Protein chains: 2
Amino acid sequence: MTYCLAACVDAGLVFVSDSRTNAGIDRLGVHSKMHAFTDTEGRFFTLLSAGNLATTQAVVAELRRDVREGARTSLATVGRLRDAADYVGSLNRKIVEKYGNDDSEEGFNPSADFIFGGQIGDNPHALFHVYAQGNYISPTALVPFLQLGEQKYGRPILDRIIQMRSSLATVALCGLVSMDSTMRSNASVGPPIEVMIYRASSSAPPVHIVYAEDHPYLRTIRESWAVNLRRAFDDLPPLSLPEGDVRLVEK
Amino acid sequence: MTYCLAACVDAGLVFVSDSRTNAGIDRLGVHSKMHAFTDTEGRFFTLLSAGNLATTQAVVAELRRDVREGARTSLATVGRLRDAADYVGSLNRKIVEKYGNDDSEEGFNPSADFIFGGQIGDNPHALFHVYAQGNYISPTALVPFLQLGEQKYGRPILDRIIQMRSSLATVALCGLVSMDSTMRSNASVGPPIEVMIYRASSSAPPVHIVYAEDHPYLRTIRESWAVNLRRAFDDLPPLSLPEGDVRLVEK
């Protein structure tokens, strides 16, 4: 399984991903699910991947090859970010169709989906969830983030913290907390954890951090969050049991 | 969908359930999923249900009828809680088999599963997850709780708080917080919220509380938790961006 998330807020884009892959519980692997494309002038793109690893690697390889070989449509040529998302979706669909024929072994599933975001020149930065079918959605200002994979464990904290006006550091920290909660409750999500922070319309290069499991900051977050969450719980008004309020009626 | 949870700790048993049922997104209903059986001398049982509503109602009706009609096997006669769980499982299986034949309309699923717990006389109190197949598992001392339905959103707080030595009030409060987080992130889980607190080997009657959506304590919990969680997050050590640590290497 996988857990990836990304947010598109006023200040820019933040991407967070785990690195655990598995084909059966006894075939765990470590593969980066974060793919940055920065070799195109004035353009920034990042792709997060979930699903079939062969499909995601093939999509990433084609994206890179199309730029390198000067293809007519590539991340170096698309005019708008929606066009880029559409192009990613069509590559994805092409590869899924190539391998997912009717003779497929039962249980074989070549499908993959992606979070894809970036900025082209002075156009607004944007973010899309690109589905296996090739179509895509963008998040809204009310819920300005997207998730892939094991998304439920870490969802409540995102719902409470991430807003359009949140700082990039806040969004990234919230993503790490969400990731930590998910890893704690689900063994199929695991380190290293990658974070990409892109400040919109800025000349500063994007920041890419790879946190190994025992990275001091990741450990600090984990320990502080455990303590703070415990205190948040202990500070709740205690449950007062209603005196003699026993309503064991047959329903 | 449904979200129910129950814990079996040293002090006793706690059950928490939502009340939203749905057969399609436009057919929402409100049905209690908590069924207490207290009309048997020296015995206490509570059943939480998830899945097909007709099946769960049939199981509950048969359980009550068997007691009322003095059946040879009933909640009034079983000697051990495992036997009671087995009996619940066999009723469940019987009903699922009755309605789930091969001619079933596509998409029709009569299956249901249950959390079932209680205490018989001086025997230890216990808790089981009873599956549609009729078999069952009990929780462990390391993770002394069970969940049904939409369990992922509210899982992390249970993992952090509930332990064997937790007080019943702490467990019930944690269950309410877990329920609140789930309702916030998932529209298929909804009020009223029911809580049952059973102190093991006690002559005091169990406490059953039904919280409507606007119940003052539920609102207090919701608001306090939002504030406390925000503070827990704000008190984390801020993300420090490594100076010039830009590692955008092609992978």
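The values are calculated or read from the model by the stated rules, or taken from the named source; none is laboratory data. Computed from a predicted model, the values in this text were never measured in an experiment. Note that each Cβ is placed from the backbone with ideal geometry, even for glycine, and that neighbours are counted across all protein chains shown. These area figures cover heavy atoms from the full protein model, side chains too; ligands, DNA and RNA do not enter into them. Shrake-Rupley method; radii C 1.70, N 1.55, O 1.52, S 1.80 Å.
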Filter pass, A:Thr40 being at pLDDT 90 or above and polar (S, T, N, Q): no
Residue that is at pLDDT 95 or above and either acidic (Asp, Glu) or touching a strand residue (DSSP E or B) at 6+ places or on another chain (Cβ under 9 Å) (or both), where the choices are B:Ser224, B:Ser138: B:Ser138
Of all residues in region B:85-94 being buried (at least 22 other Cβ atoms within 10 Å of the Cβ) and out of contact with any helix residue (DSSP H, G or I) (no Cβ under 9 Å at 6 or more places or on another chain), the one that is farthest from B:Ile197 (Cα to Cα): B:Gly89
First in region A:143-160 and aromatic (Phe, Trp, Tyr), second anywhere and part of a loop (DSSP other than H, G, I, E, B), Cβ under 7 Å, 6 or more apart: A:Phe145/A:Pro139; A:Phe145/A:Ile162; A:Tyr153/A:Asn186; A:Tyr153/B:Lys152
Unique match (being out of contact with any helix residue (DSSP H, G or I) (no Cβ under 8 Å at 6 or more places or on another chain) and not small (Gly, Ala, Ser)) among B:Pro191, B:Pro205: B:Pro205
Test result for A:Arg230, among the charged types (D, E, K, R), modelled with pLDDT of 90 or more and touching a Gly at 6+ places or on another chain (Cβ under 7 Å): no
Region A:40-84: number of residues that are farther than 23 Å from A:Glu194 by Cα, β-branched (Val, Ile, Thr) and not in a helix (DSSP H, G or I): 3
Boolean, B:Leu248 is facing chain A (nearest Cβ under 9 Å), open to solvent by less than 50 Å² (accessible area, probe 1.4 Å) and either outside any loop (DSSP other than H, G, I, E, B) or at pLDDT 90 or above (or both): no
Filtered residues of region A:1-32 (kept if open to solvent by 10 Å² or more (accessible area, probe 1.4 Å) and either within 17 Å of A:Pro206 (Cβ to Cβ) or acidic (Asp, Glu) (or both)): A:Cys8, A:Asp10, A:Ala11, A:Asp26, A:Ser32
Restricting region B:49-70 to residues that are free of Cβ contacts under 8 Å to residues at least 60 places away in the same chain and of a type in the set (A, V, I, L, M), the residue that is nearest to the other protein chains (Cβ to nearest Cβ): B:Val60
Sole residue being surrounded by fewer than 22 Cβ atoms within 10 Å (Cβ to Cβ) and within 12 Å of another protein chain (Cβ to nearest Cβ), chosen from A:Thr38, A:Thr46, A:Thr73: A:Thr38
